[in-house]
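Take a look at the structure below.
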Amino acid sequence: MSTKKVYFENLNGLRFIAFLTVFVGHIFVFTKFKIESPLAESIVGHFFLHADLGVNFFFVLSGFLITFLVLNEKTETTTISLKKFYMRRILRIWPVYFLTIVFGFFIIPFLFNNVDHHNFPFEIDIPVNKISWYAGFAVNFDMLYNGVGYVMLAVLWSVSVEEQFYLIWPVITRLTSDFVFIGILILLAAASYYYRWVSYTDMLSIKFSTFSVMNHLVIGSIIALCSFKSVKFKLFFIEMKKPFIICIYLLFGLCLPLRGYINSFSGNTDRFFVSLEPFVFSLFFAFIILEQNYARNSFFKISRFRLMSYLGTISYGLYCYHMISIFLVSLLFNLIFTGYVETSFWLFSCTAALSFLLTVFFSRISYRYFETRFLQLKSKYAS
């Protein structure tokens, strides 16, 4: 017995927006562009340096989609085929993930071994003995215990978190009733908040620990459960009025600058905001997902932007490859315009544009000629 295919047409565009947030944050940081105007620096700091929000959005989106899919399978077939679930995830995630590792550990360092490292935008040498962290999908724990270190592959930390989530989530969903499942979700959300509360001075733990960021996956799972099980919940988002929707988006925009001021607080206030802030933004992301999926009165639907939707289909490659592109373009500009990329707005803009285009090029080639070969095999493991 096969399940009905579940497809949310606006999710691809949202994936691209999440990637773009990550890319913009990284291009500002790793090109080391210096902003001389205090006003411009403040604007950039409060509105553009939010790469972590893009990753957190991916987490909420993954929690929503994976939970919705497994609930749908459980309803249609009365069970969840763990073998088929894991094979679908392997075919989707592993090829690009391990290709990125090959480039990061071996190909890039080999190609640029004889280039003066002073021209590198960031270091590319990584000890081969670290490969076990990457092969075991434990990159986030490597960064947690040993520091960020190797920037080009550091982006894979979030893929590791998602793989850890995929490992246990279908098992929990399969073995529990709805009532127990709700209890587990509430318990995990509370545990994530408590973890951030006790670790609030350790930014590596706050940003990279599975126990900290699982809040986002849990929020995504909660809205999936509510959407799937509650007609009233879903109907609320279907019938939302346009002024209400706009107000929520405006509130989200107003909250962005507040993130830059969290560290200026002290004592318990600082701990409170550090612990609560990810939860608040997870709720915003949950609203955006539900509004885009269900609302009749949206002032826009992102699926109407065909280019963004297409780029969303290759967003996994965009995410994994973008640091390689930033490295290559920045190195080229550093060799040609020694020292000026950090001070010239126009060279910085060219670096950003070319890095983005190169990332799209790599991702499109990868999707068409590499990933698709594996994605076609997923049909053998359809529910």
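Of the cross-linked pairs Lys84/Lys229; Lys5/Lys301; Lys34/Lys242; Lys229/Lys301, which ones have a Cα-Cα span greater than 32 Å in the structure shown?
Lys34/Lys242
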Original post:
Fully extended, how many nm does the chain gain between Phe120 and Phe236 (0.36 nm per residue separation, minus their Cα-Cα distance)?
Top reply: 36.6 nm
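Kindly rank 14-26, 243-255 from highest to lowest mean number of other beta carbons found within 10 Å of each residue.
Listed from highest to lowest mean packing, they are 14-26, 243-255.
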Original post:
If you average 1/r over all unlike Cα pairs in the range 101-209 and invert the result, what Kirkwood radius do you get in angstrom?
Top reply: 16.4
Original post:
Which stretch or stretches of the range 199-224 have amide N atoms under 13 Å from the point lying 7 Å from Phe8's Cα along the Cα→Cβ direction?
Top reply: 217-224
Original post:
Using 1/(1 + (r/R0)^6) with R0 = 35 angstrom and r between the beta carbons of Lys380 and Asp270, what's the FRET efficiency to the nearest 0.05?
Top reply: 0.10
Original post:
By average Cβ neighbour count within 10 Å, what is the ranking of 72-83, 219-230 from highest down?
Top reply: 219-230, 72-83
Original post:
Given labels modelled 7 Å from the Cα in the Cβ direction, how far is it in nm from Phe299 to Phe110?
Top reply: 5.3
Original post:
Tell me, Kirkwood radius of the range 124-173 from alpha-carbon pair distances, in Å?
Top reply: 11.4
Subject >> Kirkwood-based Rg to Rh ratio, the range 267-383, C-alpha trace >> reply: 1.11
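Every number in this text was worked out from the coordinates using simple rules, so none of it is lab data. Predicted model, so just to flag it, every value in this text is computed and none were measured. Glycine also receives a Cβ, built like all others from the backbone with ideal geometry; neighbour counts cover every protein chain displayed.
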